[in-house]
1. If you take the residues in segment 69-90 that are in contact with a Ser or Thr (Cβ under 8 Å, 6 or more places away or on another chain) and charged (D, E, K, R), which one is farthest from Phe59 (Cα to Cα)?
2. Quick check on my filter: what residues within segment 66-104 are at pLDDT below 90 and closer than 18 Å to Thr55 by Cβ?
3. Among the residues of segment 52-72, count how many are assigned to a loop (DSSP other than H, G, I, E, B) and of a type in the set (Lys, Arg).
4. Does Val44 fit the bill of being surrounded by 10 or more Cβ atoms within 10 Å (Cβ to Cβ), among the β-branched types (Val, Ile, Thr), modelled with pLDDT of 75 or more and outside the structural domain of Met100 (by TED's automatic domain parsing)?
5. Collect the residues in segment 73-101 that are of a type outside the set (S, T, N, Q), touching a helix residue (DSSP H, G or I) at 6+ places or on another chain (Cβ under 9 Å) and assigned to a strand (DSSP E or B), keeping them in residue-number order.
6. Can you tell me how many residues within segment 89-107 are without any contact (Cβ under 8 Å) to a residue 12 or more places away in the chain and within 29 Å of the chain's Cα centre (by Cα)?
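The values are calculated or read from the model by the stated rules, or taken from the named source; none is laboratory data. In this text the structure is predicted, and so the values were computed from the model without any measurement. Neighbour counts are summed over all protein chains in view; Cβ atoms, including those assigned to glycine, are modelled from backbone coordinates with ideal geometry.
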Amino acid sequence: MKLRENHMIESSDSHSTPRLRARALRGRLVLRLAFIIAVTSLSVLTSAAQTIDMTKIVFRRADPSVAPDSADAKPRTIYIAGEKYTRVESEPDPVKHTHMLIVTQRA
């Protein structure tokens, strides 16, 4: 009789183990899919929110009071990104050994 009870227990375990494994596998698959969907939706939202137009302006002072070879007569470049970011840069000044660069971010 003990043999039969052990045999019955083993057979009932052997039938429930594949079911439990399949259920656990489905649960892991669902969690992985949920994670992939969450990451994808976050990346779509952040990429859509970060679309910023940038404007580049290059200008030069043309004034009789400015010497043509001076640093003031060299071109300056302004980059404007949206309403928040600005960058102003000038060419290096070999006389004063300076190179102007201004970067701003409005809050």
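1. That would be Arg87.
2. Scanning segment 66-104 gives Gly82, Glu83, Lys84.
3. 2
4. no
5. So in segment 73-101, the residues of a type outside the set (S, T, N, Q) come out as 73-76, 78-85, 87-89, 91-97, 99-101.
Those left that are additionally touching a helix residue (DSSP H, G or I) at 6+ places or on another chain (Cβ under 9 Å): 91-96, 100.
Matches in segment 73-101: Asp93 only.
6. 1
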